[in-house]
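A.B. asks: To start, I am sharing the structure in question, which I have written as C-alpha cells.
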C-alpha cells in the first residue's frame, strides 16, 4: 500500500503511527511509536514527536520543536521554531516518572511563538497567541495574547492573528477578515 504522506529519507518513523494524507515530515525528524498526525501537517527539520502525541489536521511544526508525550494539538495549530513542551512538572534524573505525564491541550488555531516553553498540564485556548520566548505556567484563554516569563496576558487576538481593539461597547473587528468579536466578563468570542 502506497503511503499518502511525504517523509524525507533521513526522517525516522516508528511502528504504530497514523499519519494523514498530504502531511510532510522533513530532515532528521523522529516520529515515535503510536503517534497520530492528521492530514496536511508540516513537520519541520529536527522535530521530535514522542509516543502517543496527537496532532490534528493542518498543524505546522517548525524546526527544532520537541513535542512530548501528553501533548494534544487540535487542527490548525502553529508551533514556532525551537518551542518546547514539557510533560513532568518535577523532573529528576534519578526518579522515574514515566506514566505520570501530564496532559497539555492546545486548542484549534492557537499559535505558539519561537523559543516559547509550555509547562505541562495547561490548556492553550482556541486562537490564543503565545509570543516568542514566553513561558506558559498557567492556562491561556481563547483569543488571548500572552508574552513574557512567566507569561502574562497583554491583549486579545483575532482568528486571523491581528490584535483586537475593543470599542466602549466591547466590540472589535478584525482588519483582515472583518469578523466581529465581543469582550464580555474578561473573555472574547466571535459574534
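Only the coordinates and a few stated rules stand behind these numbers; no lab work does. Please read all numbers here as calculations on a predicted model, not as lab measurements. For neighbour counting, all protein chains shown are included, and Cβ atoms are generated from backbone atoms with ideal geometry for every residue, glycine included.
A.B. asks: Out of (1) surrounded by 19 or more Cβ atoms within 10 Å (Cβ to Cβ); (2) assigned to a loop (DSSP other than H, G, I, E, B), what's the single condition that is false for residue 102?
C.D. replies: (1)
A.B. asks: Filter segment 152-185 down to the residues that are touching a residue at least 24 places away in the same chain (Cβ under 8 Å) and either surrounded by fewer than 15 Cβ atoms within 10 Å (Cβ to Cβ) or assigned to a loop (DSSP other than H, G, I, E, B) (or both) and list them by number.
C.D. replies: Matches in segment 152-185: 158, 159, 161, 164.
A.B. asks: While we're on this one: If residue 56 satisfies every condition in (1) farther than 20 Å from residue 116 by Cβ; (2) touching a residue at least 12 places away in the same chain (Cβ under 8 Å) but one, which is the exception?
C.D. replies: (1)
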